[in-house]
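Colleague: Pasting a structure here, questions to come.
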Amino acid sequence: MEDQSMIFNLLSAYMSFDIFSVYSFICFILPGSVWLFLNRQKIAHKRYRQRHIIWIYIYMLYCYLAVKKVAGIGTIWDLISHGKLDSTINLIPFSSEGFATYILNIIMFMPLGFLLPLIWRRYREMVRTVLTGFCMSLSIELSQLFCLRVTDIDDLTMNTLGTAVGFGCWIAFRCLFPKAGRKAIKVSSAEPLVYLFGGILGIILLYNWRIFG
């Protein structure tokens, strides 16, 4: 049942569109959009700035889908509603049921490992990119303590592996298309982290689905 539920979440993430999706997406992109606006002068006169901004929002859309629509992170409002943190934490490696769960967790994080080096030159180092994937997955798992979902070390492991596989796909893509990523520009070394973890905080702090419930 867990495998079927995850497959359903992956499919519905790309199909569902309702007021909750719009609301949660706004919560996710708001911190990054504000940061980008405040730093707009840093890219105002750079070539390819419009291309860069498009890629930024593609990146944030992917992160939103992975974090909210597929993983389903908890929020501070869930914690207030339940009145407690979930104590269901699995720290035993490879104890999850279903091989498909591992594969889907790998697939879910592959785009992260590909997009980071594609958009930002600084992330063309495997360690930096994989560490970002690890931290993203850890943030998801810890936030799930708020919404009474299982925090699982297997998810953390497979998500991190998925980031590494995605980075490997980037390397292969770069070999086939050597000019890929040459038009990347830099706003700040922290830029991709602001969009990702700012979005996660945006969901945790701002998304209260009960407003429309």
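The values are calculated or read from the model by the stated rules, or taken from the named source; none is laboratory data. These figures come from a predicted structure and were not determined experimentally. Neighbour counts are summed over all protein chains in view; Cβ atoms, including those assigned to glycine, are modelled from backbone coordinates with ideal geometry. Keep in mind that these areas ignore ligands, DNA and RNA; they rest on the heavy atoms of the full protein, side chains included. Shrake-Rupley method; radii C 1.70, N 1.55, O 1.52, S 1.80 Å.
Colleague: I'd like to know if region 176-186 contains one or more residues that are in contact with a His (Cβ under 7 Å, 6 or more places away or on another chain) and assigned to a loop (DSSP other than H, G, I, E, B).
Modeller: Checked region 176-186: at least one residue is in contact with a His (Cβ under 7 Å, 6 or more places away or on another chain) and assigned to a loop (DSSP other than H, G, I, E, B).
Colleague: Considering only residues of region 121-169 that are out of contact with any Ser or Thr (no Cβ under 9 Å at 6 or more places or on another chain) and outside any helix (DSSP H, G or I), which is most open to solvent (accessible area, probe 1.4 Å)?
Modeller: The residue in question is E125.
One line per residue, one yes/no per condition, for (1) modelled with pLDDT of 90 or more; (2) farther than 25 Å from I107 by Cβ:
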{"site": "S16", "(1), (2)": "no, no"}
{"site": "F25", "(1), (2)": "yes, no"}
{"site": "N39", "(1), (2)": "yes, yes"}
{"site": "Y62", "(1), (2)": "yes, no"}
{"site": "A71", "(1), (2)": "no, no"}
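Colleague: Can you find even one residue in region 98-120 that is in a loop (DSSP other than H, G, I, E, B) and not polar (S, T, N, Q)?
Modeller: Yes, because at least one residue in region 98-120 is in a loop (DSSP other than H, G, I, E, B) and not polar (S, T, N, Q).
Colleague: A further question on this structure: Which residue pairs have Cβ atoms under 6 Å apart, sit 6 or more places apart or on different chains, and have a first residue in region 104-132 that is touching a residue at least 40 places away in the same chain (Cβ under 8 Å) and at negative phi and a second that is surrounded by fewer than 20 Cβ atoms within 10 Å (Cβ to Cβ) and basic (K, R)?
Modeller: Partner pairs satisfying both residue conditions: P117/R124.
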